[in-house]
Amino acid sequence: MNVLDLQVLTAARTVIDRGLAVFPLPLGGRVPEPGWQRQATLLPERLPELLAGRGVGIGCRASHAVALDLDVHGDDDGPGVLAALADRLGESVPETFTVATPSGGRHLYFRAPMDCVIGSVSGGRSPLGRGIDVRGPGHRSGGYLVGPGSIVGGKRYVIARDVPVAALPRWIVDLLAPVRDDLSHRWSTP
């Protein structure tokens, strides 16, 4: 086993230990092959075969998780926008499992409430604000994000905060629920 595969497996095992399901991504790529949803697993014994020579994806539906993709590029400052929103509402963003992206952004993972179906939205349409994309379990296949250990464009995604996955705060659920209920046709679900 080469060093790259070992780093991917180590990161994927940590992800699974946090209750997040992984699936393979093409080496160096962000777009999974068709059928990725059926490959998502929480079984560590499947990882060596599943991820050999591959990157790591994290499936939100199989994980029953919502992930906030906080972008940092151009005029987008997702972390700053989320912090300002929480402050304005008198709320806080709980500490949760976090992955650092090569561009300086963050993926924050949260456990989705059992009674809540949140889809995925990107491109500045998130009700949380500019620079914050949402990936959720959705209505059908759910969203996904590139996971730690993956290398895209020669840069690695890494675990920035290895703590348990926190429950999705009610204030975020409340902001996302109206869009889910009223504008579900606008949500994009990979």
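Within region 98-130, the set of residues being over 14 Å from Ala65 (Cα atoms), in a loop (DSSP other than H, G, I, E, B) and among the charged types (D, E, K, R) comprises Arg125, Arg130. Identify the residue in region 133-190 that is of a type in the set (Lys, Arg) and touching a Gly at 6+ places or on another chain (Cβ under 8 Å) and, among all such residues, is modelled with the lowest pLDDT. My answer is Arg180. Selection of region 72-93 for residues being out of contact with any Phe, Trp or Tyr (no Cβ under 9 Å at 6 or more places or on another chain), of a type in the set (D, E, K, R) and at pLDDT 95 or above yields Asp87, Arg88. For beta carbons closer than 7 Å, sequence separation of 6+ or different chains, a first residue in region 108-119 that is under 11 Å from Val134 (Cβ atoms) and a second that is assigned to a strand (DSSP E or B) and polar (S, T, N, Q), the qualifying pairs are Leu108/Thr98. When the helices (runs of 4 or more DSSP H) confined to region 17-70 are screened for residues that are within 21 Å of Asp162 (Cα to Cα), those reaching at least 3 such residues are found at 60-63.
The values are calculated or read from the model by the stated rules, or taken from the named source; none is laboratory data. As the structure is a prediction and not an experimental result, all values here were calculated from the model. A quick note on method: Cβ atoms are made from the backbone with ideal geometry, for glycine too, and the neighbour counts reach across all protein chains shown.
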